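**Q** I'd like to ask some things about the structure below.
The values are calculated or read from the model by the stated rules, or taken from the named source; none is laboratory data. The shown structure was predicted, so the numbers you read here are calculated from the model rather than taken from an experiment. Because the Cβ atoms are built from the backbone with ideal geometry, glycine has one as well, and the counts that use them run over all protein chains shown. Heavy atoms of the whole protein, side chains included, go into the accessibility calculation; ligands, DNA and RNA do not. Shrake-Rupley method; radii C 1.70, N 1.55, O 1.52, S 1.80 Å.
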Amino acid sequence: MTVLGQILLAAGSVLALIGVMMVIRHLASTAGLNPEVQRKLMHVSTGLFALLLPWLFPDRWPVYMLIAATILVMLVLRLPRFSSGLGATLHGVERTSYGDFLLALSVGLCFLLARDNTLFYILPIAVLTLADAAAALAGTTYGTKRYVVEDGDKSLEGSVVFFVVTLLVAIICFLFLSKLPPSNIMMLCLMVAGFGTLVEAQSWRGFDNLFLPLGLLIFLNGHYYSSLAELALLAGMFFAALASFGVVGTKLGLTKHATRVYVVAIFLLLAAAKLQNTVLPIMVLAAHGWARTASPCDSRYPDLDIIAALGLLGFGWLAVGNATGWDAVSFFGLSAMGLAMGLAAVALRPIPIVIPLAAAVLYFIRAWAVSLNSEQSNWAEPLTILALLSLFCTVAVPLLRPHWFEKDRVLRLTLLALALPLIYYVWIVAGSLGAGFFTGVVS
């Protein structure tokens, strides 16, 4: 297919998306479909189309262009002028949800991170499309046993249906797209179904559209070639952690939902990164618990906010590193270090004399992690000055402007911790690419 043909196909796909929305809105007005059914119809339609992307486009760039255009359309549909009309197809429900954006974003990230491994792309998107819709239908129709998730609830019946559908989808995908031994396939399918069900059950505000497919992709990438014994041990460790954290979380003042979310988040960290690169993110969780107790903020669900922040930072830096080819693990470490420092500064505001000690501990943890990473991961090192500047900014701003962090604390500290590492990363990568292009032109 020619370049022009791919551009026209991408543009036609966006128009088709709008056309599906118009059809669903027409059905809603004639058949009286409620907002949740409209969202799920749009969700399934989009997901089924996303499954065709590896075969529709011979090149990868038109897919990214399509995703960007889709997100732009969704932003426009959230404007007051359209939100009560065509936009109600996506966000007419009463609860706060970012599912429409996160679905498009997760399709793009899965397509990027899976690269040429079709299974790693198809399986997560198929689970998100089919199992999620089946669980929602079963939960709303037959759900009687409810459990609390943030300010809403989900049903046990819906979770059971999610597990069964995910298991069937995983078996079909592995049979057609994998050459692993049958015993490994069955164990992986059971773990995908179990882990996926837990991720979906604990997600909130539409974050399952991001955490579920990317969590499954990361799990498959890390454990696809593990032996049967290793997979069984991993499953045992995960469920043991889930049970033990239930006791510990209660003593720390966490809700049952937040405790389960913490376990899933830590499991994803351990699956996606080497052990030394998980220490700073775990320090973020510890610093958050400290700051939440020492200086409560006005967020209704701060424990969930910090998990969302870590997830977006981790997935974001992973995607950036894969997209550019310049490993971003050092910059993820810098961001996590800065976020932990900002939270510690909030907690230590009454006794600022201790703050330099906390900064030193975080600095040396990062230095230790860097010393264990590969040369490929450390291509930008040493980042000593950037690390010190990041620590200084994440200490000074919360101390000098504490009122800035009384509202949306996690969001603002995350942006503060991300700013310098991201600016430097863009500058150094753009400079290297520019130098390479200039050298090629001159030669």
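**Q** Restricting attention to the stretch 387-412, which residues are under 26 Å from the mean Cα position of the chain (by Cα) and buried (at least 20 other Cβ atoms within 10 Å of the Cβ)?
**A** A387, S390, L391, T394, F405, R409, V410
**Q** Taking the condition of being in contact with a Lys or Arg (Cβ under 9 Å, 6 or more places away or on another chain) and at pLDDT 75 or above, how many residues in the stretch 222-248 meet it?
**A** 0
**Q** Can you find a residue in the stretch 415-435 that is of a type in the set (S, T, N, Q) and either at pLDDT 95 or above or surrounded by 15 or more Cβ atoms within 10 Å (Cβ to Cβ) (or both)?
**A** No; the residues of the stretch 415-435 include none that is of a type in the set (S, T, N, Q) and either at pLDDT 95 or above or surrounded by 15 or more Cβ atoms within 10 Å (Cβ to Cβ) (or both).
**Q** Right, here's the next one. Of all residues in the stretch 210-229, which are under 23 Å from T259 (Cβ atoms) and out of contact with any Asp or Glu (no Cβ under 8 Å at 6 or more places or on another chain)?
**A** L210, F211, L214, G215, L216, I218, F219
**Q** Scan the stretch 202-219 residue by residue and report those that are more than 16 Å from I266 (Cα to Cα) and aliphatic (A, V, I, L, M).
**A** Correct list: L210 only.
**Q** Another question, if that's okay. Out of A345, A340, I need the residue that is over 30 Å from V199 (Cα atoms) and either in contact with a strand residue (DSSP E or B) (Cβ under 8 Å, 6 or more places away or on another chain) or not in a loop (DSSP other than H, G, I, E, B) (or both). Which one? Spell out how you get there, then give the answer.
**A** On the way: A340 fails: over 30 Å from V199 (Cα atoms).
Among A345, A340, only A345 is over 30 Å from V199 (Cα atoms) and either in contact with a strand residue (DSSP E or B) (Cβ under 8 Å, 6 or more places away or on another chain) or not in a loop (DSSP other than H, G, I, E, B) (or both).
**Q** What are the pairs, 6+ residues apart or on separate chains, where a residue within the stretch 36-56 that is under 26 Å from T140 (Cα atoms) has its Cβ under 8 Å from a residue that is modelled with pLDDT of 85 or more and open to solvent by 60 Å² or more (accessible area, probe 1.4 Å)?
**A** Once the first residue is under 26 Å from T140 (Cα atoms) and sits in the stretch 36-56, its partners that are modelled with pLDDT of 85 or more and open to solvent by 60 Å² or more (accessible area, probe 1.4 Å) give V44/L130; G47/L130.
**Q** Okay, moving on. Would you call A380 part of a helix (DSSP H, G or I) and hydrophobic (A, V, I, L, M, F, W, C)?
**A** Considered against the rule, which asks whether it is part of a helix (DSSP H, G or I) and hydrophobic (A, V, I, L, M, F, W, C), A380 comes out as no.
**Q** For the stretch 115-221, list the helices (runs of 4 or more DSSP H) that sit wholly inside it and hold at least 1 residues that are acidic (D, E), over 17 Å from H43 (Cβ atoms) and at pLDDT 80 or above; which are they?
**A** By residue number, 156-177.
**Q** While we're here: So in the stretch 71-89, with the set limited to residues that are under 20 Å from the mean Cα position of the chain (by Cα) and farther than 15 Å from L210 by Cβ, which one is modelled with the highest pLDDT?
**A** Once the filter is applied, the top-ranked residue is L72.
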